[in-house]
Amino acid sequence: MHSTLFGDNKLMRSLSTSLGLLALVISNSTLAAEAVPHGDADAGKEKSATCVACHGIDGNSPAPTFPNIAGQVPGYIAAQLQAFKDGSRSNAVMLGMVGALSEQDMLDLDAYYSSQEQNEGKITKDQEQDALAGEEIYRAGVAEFSITACMACHGPDGKGIEPNYPRLGGQYAPYIEAQLKAFKSGDRKNNLM
């Protein structure tokens, strides 16, 4: 019966192997998420004073060149701060900001910002056509260029999947565009993108 549904045994073995690897990845991701230490949101709020100028009081950035970090998936902000600190993610301003942060400081900031509510972005009338094209790519990808659907990693609602896949919903378009270009050029390579 399997040979008629899936072709030959080689295809069946390949499918079984792929599903087994997927289960392993999901299992390891779950274990990794459970192993992530947590910070103290109240301590993070106290430590966030230097973040306010770019990311706003509660993590909702006042400018589209800086990311909204409010409501980000738990674990992601701490990982990015560590990446700036160890140089695996390059940004001169952020390098200066993270230099004196301890691992606990990063966890506390992560706990604070991930507990904040992100303001939802608004689409203007002149942005509707671009937004619809973006939604199609987000949901279906672009097979012709081997571009996977964004929602495969960032979730169908754009809220991200902790701890590795950030929330994209409500993020500024110029910031997303800059990050996609950085991944494409190789300037940003610290993530799975």
#### Entry: Test set (1) out of contact with any Gly (no Cβ under 8 Å at 6 or more places or on another chain); (2) modelled with pLDDT of 95 or more - N68 fails condition number
(1)
### Contacts under 6 angstrom Cβ, first residue in the range 173-184 being closer than 13 Å to S90 by Cβ, partner open to solvent by 90 Å² or more (accessible area, probe 1.4 Å) and outside any helix (DSSP H, G or I), 6 or more apart
F183/M193
### Query
Out of the range 92-119, which residues are hydroxyl-bearing (S, T, Y) and not in a helix (DSSP H, G or I)?
S102, S115
#### Entry: Count of the range 141-155 residues which are outside any loop (DSSP other than H, G, I, E, B), without any contact (Cβ under 8 Å) to a residue 12 or more places away in the chain and open to solvent by less than 50 Å² (accessible area, probe 1.4 Å)
1
## Note on the structure
Quick count over the range 175-193, residues being over 17 Å from I77 (Cα atoms), part of a helix (DSSP H, G or I) and open to solvent by less than 70 Å² (accessible area, probe 1.4 Å), is 3
### Query
For the subset of the range 51-91 comprising residues that are within 27 Å of K122 (Cα to Cα) and not in a loop (DSSP other than H, G, I, E, B), which member is most open to solvent (accessible area, probe 1.4 Å)?
A53
### Query
What's the number of the condition A92 fails, among (1) under 18 Å from A182 (Cβ atoms); (2) in contact with a His (Cβ under 9 Å, 6 or more places away or on another chain)?
(2)
### Total residues in the range 161-174, condition in contact with a Pro (Cβ under 9 Å, 6 or more places away or on another chain) and buried (at least 16 other Cβ atoms within 10 Å of the Cβ)
5
### Matching residues, the range 41-56, being at negative phi and under 21 Å from the mean Cα position of the chain (by Cα)
A41, G44, S48, C51, V52, C54, H55
### Message
assigned to a helix (DSSP H, G or I) and in contact with a Gly (Cβ under 6 Å, 6 or more places away or on another chain): is that true of Y138 in this structure?
### Response
no
### Task
Could you figure out which of (1) in contact (Cβ under 8 Å) with a residue 12 or more places away in the chain; (2) surrounded by fewer than 15 Cβ atoms within 10 Å (Cβ to Cβ) isn't true of G158?
(2)
### Task
Determine whether K122 is in a loop (DSSP other than H, G, I, E, B), closer than 24 Å to I69 by Cβ, open to solvent by 80 Å² or more (accessible area, probe 1.4 Å) and touching a residue at least 40 places away in the same chain (Cβ under 8 Å).
no
### Summary
Note on the range 95-119: residues without any contact (Cβ under 8 Å) to a residue 12 or more places away in the chain and not hydroxyl-bearing (S, T, Y) are L95, G96, A100
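The values are calculated or read from the model by the stated rules, or taken from the named source; none is laboratory data. Quick caveat: nothing in here was measured; it's all calculated off a predicted structure. Don't worry about glycine lacking a Cβ; one is built from the backbone with ideal geometry, like all the others, and counts go over all protein chains shown. Note: areas computed on protein heavy atoms with side chains; ligands, DNA, RNA excluded. Shrake-Rupley method; radii C 1.70, N 1.55, O 1.52, S 1.80 Å.
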